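Asks: Before anything else, here's the structure in question.
Here, each number is a calculation from the coordinates, and none is a lab measurement. Predicted model, so just to flag it, every value in this text is computed and none were measured. Cβ atoms come from the backbone with ideal geometry, glycine included; neighbour counts cover every protein chain shown.
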Amino acid sequence: MKQLTIAQCILQAARPRTVIAPLLLGLGVQFDHGYGSKFLLRQLSRLGLSVSYDEVERYRQSVLASKCRGSDTGPSAPSGATQWVADNVDHNICTLDGRGSFHGMGIISATVHLDGEFGSSHFKIERLQRRLFASQVCADRGIPIRRYTLAGKKGLSVVTMTDVRHLQRPICLPQIMQLNVVWHLS
């Protein structure tokens, strides 16, 4: 492993524009994912032990563009399971009038493909020619926002109350549950 790393460092240093060494790229991506430090990646790149921060960013954008272009990542993907994960954030909510506060929401989808569609032999990441702006990376991705409007009614006028006697009907348990209750009583 040390010999491979040194050999790839020499190749990357000798031909920086024609070779992207996989170990150096993997190390750069791993450090970016683990620490998120642009300074650390720049220092490792200057020492010849990693690719540059710009190359790591280009790789991340290439992965995003390749996955979104070549696959169906929606919830109806036939060969996998998709789960949507959402969370919200509120900032400066302790105001009397609600002004100056921020409410944001983020949502992602996590898809597991059961037939190995994204395996290393089946999925090719095409390298982008240049880095993109964040607005270009995020264009045409996401879930459209749809507003919910009540049809002619607002607030508590939509809530309907039922008679309490309707809720007090006897509960009928299955026969096996009744035997279980008898056994617990004994």
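Asks: So if we plug the beta-carbon distance of Phe133 and Leu185 into 1/(1 + (r/R0)^6) with R0 = 45 Å, what FRET efficiency do we get, rounded to 0.05?
Replies: Values: r = 71 Å, r/R0 = 1.57.
E between Phe133 and Leu185, to the nearest 0.05, is 0.05.
Asks: What does the charge add up to near Ser45, with Lys and Arg as +1, Asp and Glu as -1, over the other residues with Cβ less than 10 Å from its Cβ?
Replies: 0
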